[in-house]
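This report refers to the structure that appears directly beneath it.
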Amino acid sequence: MPSLCVLPNFSSWELDTKPLGTIYQALASKKTLTSLTLKFPSKRIPRPTTLIPPIPSLKSIYLYNIDPLCYPDDVSLLFAGSPILEEMKIEWNPRIRREREPSISLSQYFGRAVSSKVCLPIKRVAYKNMYTRNDPHLSLIIDIPKVESVTLLNCMNPGDPSTVFYDDTWRGGPNGLTKLKSLKKLRLDVVPDDMPPVIAEISGLEEFYLVSRHPTTSESNSTSTDGSPIANPNSGASARTGEDSTPTTPLTPYHVSSVAIASDFLAAISGNHGSSLKILLLSDEWRFSKDVLINLVKSCLNLEQLGVAVEGAQFDTVRALLLHRPSIWAFRILEAFGPRLHIRDRTQALGETSHHMKSGIMNREFAKVEYKNLRYFGLADMPFEVGRMMMDCSGDSPIERRAVKVLTWDEAKKMAEIFGLDSMEL
């Protein structure tokens with residue numbers, strides 16, 4: 001690690017090992033430090049716990065792999081002493097939720113701020129693998145009506161009876177979504193049954209993401225009971241598809257049964273957020289007809305990116321949607337390949353069609369006038385970059401085609417949010 005004294009003007013710092021208290025003190029003295037990422041230890045080795053001092057200049061903090069049994073440092077004073085903090089990401093060790101371990105309390109992190117009557121100007125908040133009761137005091141240290149972005153991944157699943165007593169405490173109450181008057185971005189991996197009425201009560205949403213690219217426990221690296229990683233022979237398939245390797249709880253029937261609320265949710269989105277919505281990514285299990293989707297894009301006047309599962313003739317539907325909403329420059333046809341195939345099986349199924357897709361069909365399809373503004377396209381897990389028009393003179397008569405480049409998933413993630421934010425990464 002470089003000496004902090006020779007880095008007088010740095011603004012971001014990332015620590016992936018447990019630092020000494022002197023390192024924290026040195027970081028706190030740097031008035032230019034605005035972003036801090038802490039990755040806590042994953043092994044249960046007894047060690048002293050350090051009280052992290054306040055960093056008054058801090059605007060963004062990411063706490064990764066919190067596990068009370070692995071002796072993480074105390075961040076309560078850091079929160080209480082960061083008066084201009086705008087972004088907060090907290091990711092707990094997946095074992096806590098997977099094993100339903102009631103070992104964490106939000107008062108451990110925010111208790112000092114509550115006692116000091118500190119109200120943090122948080123604009124962006126993200127939680128992952130959270131398994132704890134809703135602490136009503138949280139509304140005292142975060143100005144809820146000013147929060148603009150909320151991400152909740154593997155945090156709530158009302159369909160799981162073993163977690164419902166904790167998960168239900170987050171419904172409504174002082175921290176309910178209806179209090180988020182400034183909400184612009186919402187990213188979830190499950191939609192509770194009571195979500196459509198909540199979406200109908202707020203307005204001004206610009207981005208909504210419903211994550212479909214769930215790695216199951218068997219497809220990602222798992223963790224032993226002491227927090228150490230266990231090798232997984234299928235981890236290579238996960239890496240090839242760009243999935244998050246962090247272990248998550250296995251998928252439950254809840255995500256499948258959520259199809260029943262799809263139409264209500266779509267009506268709430270189009271009715272209350274049509275004038276503001278720019279990016280919409282829905283579940284790959286919510287399949288909509290062409291007429292329903294046409295009504296959706298007609299309502300969303302400023303829509304630029306769209307990811308949906310389509311019934312019937314897919315490209316016929318896409319052309320109709322782009323004709324009614326030519327502002328869309330990134331489009332994904334979502335496809336679950338039946339009942340939730342494993343990632344390696346989905347990749348194999350796509351590989352069987354890849355030769356057919358490269359044979360020229362995509363080039364001719366995208367040459368049609370409806371696609372004139374389209375720049376990126378996805379079919380299931382296959383992303384494409386749509387380029388300039390060109391003339392193919394290889395046959396008896398010239399044929400106008402559109403240049404099409406097959407992208408890797410990592411490349412596509414950098415091009416459009418409907419690719420990049422469809423993952424279990426915060």
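A short reminder: the numbers here are calculations on the coordinates, not readings from a lab. Since this is a predicted model, take the numbers as computed values, not measurements. All Cβ positions, glycine included, derive from the backbone under ideal geometry; neighbour counts span all protein chains shown.
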Using each residue's phi in the stretch 274-280, evaluate 6.51 cos²θ - 1.76 cosθ + 1.60 at θ = phi - 60° and report the 3J(HN,Hα) Karplus result to the nearest Hz, with x for Gly and Pro.
x, 7, 10, 5, 10, 10, 9
Go through Lys89/Lys414; Lys31/Lys181; Lys59/Lys184; Lys184/Lys414; Lys39/Lys184 and tell me which ones have a Cα-Cα distance over 23 Å in this structure.
Lys31/Lys181; Lys39/Lys184
Nearest 0.05, what FRET efficiency do Asp193 and Ile23 give at R0 = 60 Å with Cβ-Cβ as r?
0.80
Label model pair Ser107, His324: point-to-point distance (7 angstrom along the Cα→beta-carbon line) in nm is 5.2 nm
Less than 14 Å apart at the alpha-carbon level, and either on another chain or at least 8 residues along: which aspartates and glutamates does that give for Lys117?
Asp143
For Cys119, Cys70, Cys393, Cys300, what's the fewest-to-most ordering of other Cβ within 10 Å of each Cβ?
Cys393, Cys119, Cys70, Cys300
Please enumerate, by chain and number, the aspartates and glutamates with C-alpha under 16 Å from the C-alpha of Lys372, excluding those fewer than 8 residues away in the same chain.
Glu304, Asp316, Glu385, Glu400
Working out 0.36 nm times the residue gap between Arg375 and Leu301, then minus their Cα-Cα distance, what length gain in nm do you get to one decimal?
24.7 nm
Cα shape, the stretch 1-156, gyration tensor, a/c 1.5 rule
oblate
Between Thr169 and Met391, what's the calculated FRET efficiency when r is the beta-carbon distance and R0 is 41 Å? Round to 0.05.
0.05
Return Asp193, Asp316 ranked ascending by Cβ neighbour count within 10 Å, so the fewest neighbours appear first.
Asp316, Asp193
For the stretch 281-297, Karplus couplings with θ = phi - 60° (6.51, -1.76, 1.60), whole Hz, Gly/Pro x:
10, 9, 6, 6, 9, 8, 9, 10, 6, 4, 5, 5, 5, 4, 4, 5, 5
Return the distance in nm (one decimal) between the two label points of a simple spin-label model at Glu148 and Ile45, each offset 7 Å from Cα along Cα→Cβ.
4.1 nm
